[in-house]
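Single-structure report; data block below.
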């Protein structure tokens, strides 16, 4: 928990969040992992990660 929110750190050491709760951060992390596993490596995986970051930022503002 940092700055009043929960974050997920990727293996590349990118912090994703903030999320309102630890539970929400864990659920979102699992969803991201599942999606990335389905896509494999490459451009689609990078696009999915970018989409996840943008969505988590927009939800944090809401």
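Quick notes on this structure:
- With viscosity 0.692 mPa s and temperature 37 °C, the Kirkwood radius over alpha carbon pairs of the chain converts through Stokes-Einstein to a diffusion coefficient of 277 µm²/s.
- Cα-based helix-to-principal-axis angle, 22-39 vs the chain, degrees rounded to 10: 10 degrees
- FRET E, pair residue 43, residue 13, Förster distance 30 Å, beta-carbon r, rounded to 0.05: 0.90
- Within a Gaussian network of the chain (alpha carbon springs, distance under 10 Å), most fluctuating of 24, 51, 12: 12
A short reminder: the numbers here are calculations on the coordinates, not readings from a lab. Worth saying up front: this structure is predicted, and the values here are computed from it rather than measured. So basically every Cβ, Gly included, is an ideal-geometry build from the backbone, and we count neighbours across all protein chains shown.
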